[in-house]
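Read-outs throughout are calculated quantities, based only on the coordinates presented, and are distinct from any laboratory measurement. These numbers were taken from a predicted model, which means no experiment stands behind them. Cβ sites come from the backbone with ideal geometry, for glycine too, and all protein chains shown count toward neighbours.
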Amino acid sequence: MDQFIKKKIIQVKKGDQSAFSDVVSFYQNKIYQHCYRMLGNKHEAEDIAQEAFIRAYVNIDSFDENRKFSTWLYRIATNLTIDRMRKRKPDYHLDAEVKGTDGLDMYTQLASTERLPGEEVESRELQRYIHHEISQLPAKYRSIIMLRYLEEFSLKEISEILDVPLGTVKTRIHRGREALRKRLRHV
Amino acid sequence: MSCNEEYIKRMHDYLDGDISTEEESLLRRHLEDCEDCQKHFHELNRTITLIRSAERVEAPVGFTENVMGKLPTEKKRVKYKRWFKRHPILVAAAIFFILMIGSLSSTFNQGTDQLVVSTQEELVIDGDTVIVPAGVTVPGDVYVKNGDLLVLGTVDGNVTLFNGELLDSDSELDGGGLMASAGGVNGELETVDQTFEWIWYHIKNFFKGLFAF
């Protein structure tokens, strides 16, 4: 698949715009999901994910083909989500969450007081609950936990994507795991 | 609840695949003895399993089409810019060539008709013609630019003719540039094509000028 993407990128660089649509459809779910987890809001996630692809296209010449395209793309997307979160008004976040997550908040309010029944990880509710717990983490831990366990990047790649030293990535992933351990202990 | 920070750190190092074999066996031995740490370790592993099972979402329908619709259409200017960026050597060569042509055409008209001759005293100059008089031997190399050379005597060296012709006593009458009787030259005879030499000469000068800065 890497070869396929590499080929497409070279075509895009040569000015073949239509080749970019294969790149977008290949990464759309991953990038959208990443933005959604970072922002916790579907509308914003779509907005930012689109912007990420557009930026990637506009700046395609600055991408070095010898490097991994996904790392580069995630870096663009992550920077955009961080910008968006910074620009948010403090009260906007609460509104957005209810609107975007389809009543997830009501559900999680329940969950925080009551124990979740069953151990079926497969169940959709549990999956949502986990998603919510991840989204409650501070952004700097959340991004790393997501990149590591949901997008399966190595710690070194994560340090490239987020442009933070490897040591910092390690510290943050430790803290993120501890925080989630406490949150998910009763599941 | 947990034993001590050191072991917890080892657990995380283990989870990151960033632990030495000694540390790992240390951790293993400790986990066998310490129930709290065992529980902690189990919870961490479970947490990771749970994270991996988090809800997956898919991009909305028509996402790709939306992105493609929003891409900027490439303007001609951008295309040129991209081309320039990708071929810096060609661009540099083009700029160099333009500058060179410019400096060449400005100097081409300046000294075209000026006669330049090497400084041997024996040489006689008659209008545009340089004459090596009969019975005279000119020592060293002879250089003539923008003029013809008539060799009646002998040149004891190389002859370089630039933008001119070698005449002999017969051909002077005929008005042609026959070189047949250049027997009076004891070295190499070189007649250089005007345009080529001119360009070459100015390329050299151009570089000299460049490096003078």
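Couple of notes before you dig in:
- Alpha-carbon centroid distance for the pair the stretch B:115-145 / the stretch A:30-94, whole angstrom: 81 Å
- Inter-probe distance in nm under a simple model that places probes 7 Å from Cα toward Cβ, at B:Lys85 and A:Lys68: 2.5 nm
- Close amide H pairs (under 5 Å, H built 1.01 Å from N) link B:Val138 with B:Thr154, B:Val155, B:Asp156, residues at least 5 positions away or on another chain.
- Cross-link table A:Lys8/B:Lys70; A:Lys140/A:Lys170; A:Lys13/B:Lys81; A:Lys13/A:Lys156; A:Lys42/A:Lys170; A:Lys14/B:Lys70, entries beyond 21 Å C-alpha to C-alpha: A:Lys13/A:Lys156; A:Lys42/A:Lys170
- Nonlocal amide H pairs with B:Leu149, under 5 Å, H built at 1.01 Å: B:Val130, B:Glu165, B:Leu166, B:Leu167
- Residue order, fewest to most surrounding Cβ atoms within 10 angstrom, among B:Val138, A:Val187: A:Val187, B:Val138
- Translational diffusion coefficient (Stokes-Einstein; Kirkwood radius from C-alpha pairs) of the stretch A:6-94 at 37 °C, 0.692 mPa s, in µm²/s: 242 µm²/s
- Exercise: per-residue mean of other protein chain Cβ atoms within 10 Å, A:49-57: 4
- Shape class for the stretch A:31-71: oblate, because the ratio a/c of the largest to smallest gyration tensor axis (alpha-carbon atoms, square roots of eigenvalues) is 1.5 or more and b/c is at least a/b.
- Average partner coverage of A:19-30, which counts Cβ from other chains inside 10 Å: 4
- The order of B:Cys37, A:Cys35, going from fewest to most other C-beta atoms within 10 Å of their C-beta, is B:Cys37, A:Cys35.
- The loop-placed trypsin sites (Lys or Arg not before Pro) in the stretch A:131-187, going by DSSP, that have at most 12 neighbouring Cβ atoms within 10 Å of their Cβ come out as A:Arg185.
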